[in-house]
Structure formats: structure tokens, C-alpha cells
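Working notes, beginning with the structure itself.
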């Protein structure tokens with residue numbers, strides 16, 4: 001079983017704690033940041049159906065009134 005925490009954590013974050021002695025704390029971080037260009041109610045991201053399989057960029061963003069603000073999907077992802 002592949003663990004996201006085990007395989008995708010960056011262990012190279014250095015934070016300066018003492019500028020005179022040039023001492024750094026090293027920490028690990030596993031995070032994803034999203035930049036959304038407006039106040040929205042929700043952003044929906046799909047999960048992979050298979051472990052270890054990467055997803056193409058797909059998402060839906062909804063306004064506060066429930067209307068669809070933005071949709072990114074590839075034609076191969078659409079179900080008819």
C-alpha cells in the first residue's frame with residue numbers, strides 16, 4: 001500500500017531560528033496550495049479511483065448562490 005505521507009513529503013524545509021549562529025530548524029511538510037481568484041462557496045476536486053494513479057487537472061468551483069463559476073475537465077473525462 002502506497003502512503004501519500006511516506007512518498008510525497010518534502011523533508012527539506014529549513015527555517016532560520018538564530019541569525020547570529022546561523023542555526024536552522026529542519027521540518028517536513030506535505031501540503032497542497034490552491035489559488036482561487038475570488039470568493040466562492042466551494043471547490044470540488046475528484047479523488048483517484050485507483051491507488052497510485054495520478055489524476056489530470058479537474059475541478060469545479062461554485063458561487064455562493066450554487067451556480068457553477070468555473071469548470072476544468074478534459075473531454076475524455078466527460079460521461080455521456
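The values are calculated or read from the model by the stated rules, or taken from the named source; none is laboratory data. Predicted model, so just to flag it, every value in this text is computed and none were measured. No Cβ is skipped: glycine too gets one built from the backbone with ideal geometry, and neighbour counts run over all protein chains shown.
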* To do: Exactly one condition in (1) closer than 30 Å to residue 71 by Cβ; (2) at pLDDT 75 or above is not met by residue 13; state its number.
  => (1)
* Select from region 47-68 the residues that are modelled with pLDDT of 70 or more and either within 30 Å of residue 14 (Cβ to Cβ) or in contact with a strand residue (DSSP E or B) (Cβ under 9 Å, 6 or more places away or on another chain) (or both) and write down the one among them that is surrounded by the most Cβ atoms within 10 Å (Cβ to Cβ). => 61
* Say we look at region 69-80 and pick out the residues that are surrounded by 10 or more Cβ atoms within 10 Å (Cβ to Cβ) and outside any loop (DSSP other than H, G, I, E, B); which of these is modelled with the highest pLDDT? -> 69
* Members of region 35-46 found to be in a loop (DSSP other than H, G, I, E, B) and either modelled with pLDDT of 70 or more or closer than 13 Å to residue 60 by Cα (or both), listed by number -> 36, 38, 39, 40, 41, 45, 46
